Amino acid sequence: MRKIIAGLDVGSENIKLIVAESIKGRIHVLGVSCVSSLGIKRGFVVDPNALLSKLQEVFSKCEDMLGLKVSKVVISVPSDDTSFMMMEGSTSIHNDEHIISQNDVIRAMQASTYNQIEENQEIVFLEPVSFVIDDERTVKNPIGQEGIKLTVKSLLATVPRKNIYAIVKCLERLGITVVDYTLGAIGDYKEAEKPMMREVAGAIINIGYQTTTVAIFHKGLLTNISILNVGAINVEHDLSYMFGLQKSDAKVVKRTLASAHKRGVSASVHKDFTTKEGKTVTISEYEASEVASSRLEEILKLAKKEINLLTKKEIHYIMITGGVSEMANFSLLVEEIFGHQAKIINIRELGVRSNIYSTALGLIKYYDEKTRTQGVDFSIFNDEEIEELSNVNKRINFGENSILGKLFGYFFDN
């Protein structure tokens, strides 16, 4: 059975949907769409009807690429008011051989949450930290070992139900089922993950449109998180204020003239814009970059300070993502603030090589790993739909030897 998963990231500026296939643990993107957001503020639904039209648009675009309806997704939810708890639970091993199975691990983890979750909270993250067999043997992986009792210590994260239910209800109105949800920082971590990150402590910084998320991970587990009320929109506000521009023109300046660092930018490259008062203003690369870099420097310094407040552990890595990290010279500014310790997430998957997709792509990797660990076969498509998906390239009017023809053949024939 082909394992195909969809990840949805509803941001304040853009909504991103990715459908991808997992082949031996590697992700191959089959379809992707991105549309501007409406009805979202700081990641929360504020106008369901406006959001519905945009959700319909992002799904329709992706479905046009696939030739199939996407009806199941994994989503990210707002991290505001996240609570972390260390829990413990036990289960008895009932099979005749007393060999611990995956189901025993799941039962022990479920027991660790029993009567521990407040009524207005929902679990967004539950991971085992350690296992003890028969109250005496501490093991990393108990599956396949002999015992009569299994105890697990689990790290649990919850958020208020309001963080989840509004977006779930919107998707349900479109006939789309949410198969799982977690924090966006989990997706970012999975996209950035390298083997050494599972052994040390580090931080993930996502500079979003209206907020910046700072998350602390220790040995692969999310242990703390904070939301800063500043993001890429503040760069646009600054450009709008400094040059008297409409918001739409400030976006254009940010996208076409501004760099995150002033090194190498030119004062002779410029464009003319019309101010709110109807006057013409000429803005150079240097002037736009001076404004943008000042605000981005502030955001990174705030994030750096927040890391020190969130943990006392030694930080071995800092990974930075978000759409603004694609801005020219952003790596220069990061090095100036953090030194060589910090890196920008580098997405390698064909079709989504932009950091605006780090959360959505990471959600797919998160759910792929989760289902593999649990021994569960999962796909958003049934066997008949997968068969139809395999034949999509035969219906697409691209020459067999064209670049696009080869790409579609590669995507859908694997």
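Compute the signed sum of charges (Lys and Arg +1, Asp and Glu -1) over the other residues within less than 11 Å, Cβ to Cβ, of Asp188. Before the final figure, lay out each step's value.
Details: positive: Lys190, Lys365; negative: Asp9, Glu191, Glu193.
Summing Lys/Arg as +1 and Asp/Glu as -1 gives -1.
Residues whose amide H lies under 5 Å from that of Gln246, counting only those 5 or more places away or on a different chain, are Lys276; hydrogens are built 1.01 Å from N in the peptide plane.
For the range 94-115 versus the range 126-196, the inter-centroid distance based on Cα atoms is 15 Å.
Quick check on the exposure proxy: order Ser33, Ser284 from fewest to most C-beta atoms within 10 angstrom. The most exposed by this proxy come first: Ser284, Ser33.
Take Tyr165, project a point 7 Å from its Cα along the Cβ direction, then tell me which residues of the range 41-69 have their backbone nitrogen under 15 Å from it. Residues 45 qualify, since their backbone N sits under 15 Å from the label point. Within the listed set Leu174, Leu30, Leu17, the residue fluctuating most in the Gaussian network model of the chain (springs between alpha-carbon atoms under 10 angstrom) is Leu174. 3J(HN,Hα) along the range 33-39: 8, 8, 10, 5, 8, 9, x Hz, from the Karplus curve 6.51 cos²θ - 1.76 cosθ + 1.60 with θ = phi - 60°, whole Hz, x for Gly and Pro. Relative to the longest principal axis of the chain, what angle (0 to 90°, nearest 10) does the C-alpha long axis of helix 48-66 take? Between helix and principal axis, roughly 80 degrees. Neighbour counts of C-beta atoms inside 10 Å place Ser268, Ser325, Ser71 in the sequence Ser268, Ser71, Ser325, starting with the fewest.
Between the range 21-51 and the range 301-343, the C-alpha centres lie 25 angstrom from each other. Taking θ as phi - 60° and the Karplus parameters 6.51, -1.76 and 1.60, the scalar couplings of the range 300-316 work out to 5, 5, 5, 5, 4, 5, 5, 4, 5, 7, 7, 8, 9, 6, 5, 8, 9 Hz in sequence order, x denoting glycine and proline.
In plain terms, the residue of Ile345, Ile216 with the fewest other Cβ atoms within 10 Å comes first and the most crowded comes last, giving Ile345, Ile216. Proximity of backbone amide H atoms, modeled 1.01 Å from N, is registered between Ser130 and Lys153 at under 5 Å, excluding neighbours fewer than 5 places apart on the same chain. Placing a pseudo-label 7 Å from each Cα along the Cα-to-Cβ vector at Thr177 and Glu199 gives an inter-label distance of 4.1 nm. Other residues whose C-beta falls under 15 angstrom from the C-beta of Gln246 contribute a net charge of +2, scoring Lys and Arg +1 and Asp and Glu -1. Near the amide H of Ser12, within less than 5 Å, lie the amide hydrogens of Gly43, Tyr209, Gln210, all on another chain or at least 5 residues away, with H placed in the peptide plane.
Would you kindly calculate the mean projected area, averaged across all directions, of the convex hull enclosing the Cα atoms of the chain, in square nanometres? Let's see the in-between values first.
Working: hull surface 95.1 nm².
Seen from a random direction, the Cα hull of the chain projects 23.8 nm² on average.
Taking Rh as the Kirkwood radius, which is the inverse of the mean 1/r over Cα pairs, what is the Rg/Rh value for the range 196-346? Taking Rh as the inverse mean 1/r over Cα pairs, Rg/Rh reads 1.05. Could you give the angle, 0 to 90 degrees to the nearest 10, between helix 162-173's Cα long axis and the longest principal axis of the Cα atoms of the chain? Value to nearest ten degrees: 90.
Ranked highest first by the average count of other Cβ atoms within 10 Å around their residues, in what order do 4-10, 97-103, 164-170 fall?
Working: 4-10: 26.4, 97-103: 14.9, 164-170: 17.4.
Those peptides, ordered most packed to least, come out 4-10, 164-170, 97-103.
How do 40-49, 76-85 rank on mean C-beta neighbours within 10 Å, highest first? Walk me through the intermediate numbers first.
On the way: 40-49: 16.0, 76-85: 19.4.
So the peptides 40-49, 76-85, ranked by packing, come out 76-85, 40-49.
For the listed peptides 335-343, 365-373, a ranking on the average number of other beta carbons within 10 Å per residue, highest first, reads 365-373, 335-343. Placing +1 on each Lys and Arg Cβ and -1 on each Asp and Glu Cβ, with no other charges, gives the range 196-346 a dipole about its Cα centre of roughly 360 debye.
Where a number appears in this text, it was derived from the coordinates with a stated rule and is not lab data. As the structure is a computational prediction, the values presented were derived from the model and not from experiment. Note that each Cβ is placed from the backbone with ideal geometry, even for glycine, and that neighbours are counted across all protein chains shown.
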